[in-house]
1. Order of 4-14, 39-49 by packing, highest average Cβ count within 10 Å first?
2. Using mean Cβ contacts within 10 Å as the protection proxy, how do 26-33, 79-86 order, highest first?
3. Could you tell me whether the range 1-45 comes out rounded, prolate or oblate from its Cα gyration tensor? Rule is a ≥ b ≥ c as square roots of the eigenvalues, rounded for a/c under 1.5, then prolate if a/b exceeds b/c, otherwise oblate.
4. If amide hydrogens are placed 1.01 Å from N in the peptide plane, which non-local residues have theirs closer than 5 Å to the one on Cys26?
Amino acid sequence: MDRFVKSYTNPDGSEVYRFHCPGCKCSHLVPVTGPKAWFWNKSTEKPTINPSVLVNGHSPKPDEMTRCHSFVVDGRIQFLQDSEHELAGQTVDLPDPNPEVLFPPDKSGEKA
């Protein structure tokens, strides 16, 4: 099963992929082609991505913003100690993709 999935292609043709982060409970984006591409072993089932993935402030609520810092190696996420969630310092398998997290429905037209 693919755990690292294509998110979109930029106008310049560069591609961005994403994976579900169980620590943040959201997806993280990684450029895999183009001038700002990261190393990727081309596996969507057991990806290795380099450099580390650092996400700051992934919450829309300022008081819930946290840091997530990890390496993805051979289909496993190695959360570094400076991550600010319950998986800091742990290594876990990339989870099966959650379509609602990876590709959330567009709610821009909904009334609040």
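Taken together, the values in this text are just the output of simple stated rules run on the coordinates, not laboratory data. What you are looking at is a predicted structure, and each value in this text was computed from that prediction instead of being measured. Reconstructed Cβ throughout: ideal geometry from the backbone, glycine too, with neighbour counts over all protein chains shown.
1. Top of the packing list down: 39-49, 4-14.
2. The densest-packed peptide leads the list: 26-33, 79-86.
3. Prolate, because a/c is 1.5 or more and a/b exceeds b/c.
4. Answer set, sorted by chain and number: Cys21.
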